[in-house]
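Below is one structure, written out as structure tokens; the observations come after it.
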Amino acid sequence: MHFAVGSDHAGVRLKAALASHLEELGHQVTDFGTNDPSVSVDYPDFGAAVGRAVAEGTVDLGVAVCGTGIGISIAANKINGVRAAVVHDVTTAQLARMHNHANVICFGDRTLGETTALDALDAFLAAVPQEGRHLNRLAKISALDDAAGLRFETKEG
């Protein structure tokens, strides 16, 4: 699989660890930055870059990191076709993928240890998006985009 990764200055360390882990697993990684933790940058720029790569289909999934994971997930979710989820552990990572069909996983470098984040990433990768009742709920989310004139088709539909 091909992953987009991105972070602001607060997430550089964890982003690097996650990207390295993905590469060790045999995945391709495109890093949208930033790579210097000493220079303050704005997380919306990096969340949007990861989100655009996912929505355009140039990558399969995205990984985004900021201090808490919250801001970068909000930014990524502004890109039509993105379902970004902040995760805190294996359970939230697995359910974000299975129930919500998340296509961008977001982490907080200041809120998670590296081991927990790597375990969560592995759970996200192993999870298979479920159908059934979850498709109806995803359709309702898509309808909200339609009502706002924001519908964007992704590879998953």
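The values are calculated or read from the model by the stated rules, or taken from the named source; none is laboratory data. Predicted, not measured: the structure shown is a model, and the values here were computed from it. Virtual Cβ from ideal backbone geometry, glycine too; neighbours counted across all protein chains shown.
Out of the residues in the stretch 88-141 that are small (Gly, Ala, Ser) and without any contact (Cβ under 8 Å) to a residue 24 or more places away in the chain, state the one that is surrounded by the most Cβ atoms within 10 Å (Cβ to Cβ). Across the stretch 88-141, the extreme among qualifying residues is Ala102.
Among the residues of the stretch 51-70, how many are within 12 Å of the chain's Cα centre (by Cα) and within 22 Å of Thr116 (Cα to Cα)?
Initial filter on the stretch 51-70 (within 12 Å of the chain's Cα centre (by Cα)): 51-55, 59-66, 69-70.
Next, only the ones that are within 22 Å of Thr116 (Cα to Cα) stay: 61-66, 69-70.
Adding up the residues that qualify gives 8.
Restrict the check to the stretch 70-81 and report whether at least one residue is at pLDDT 95 or above, small (Gly, Ala, Ser) and touching a His at 6+ places or on another chain (Cβ under 8 Å). No, the stretch 70-81 contains no residue that is at pLDDT 95 or above, small (Gly, Ala, Ser) and touching a His at 6+ places or on another chain (Cβ under 8 Å).
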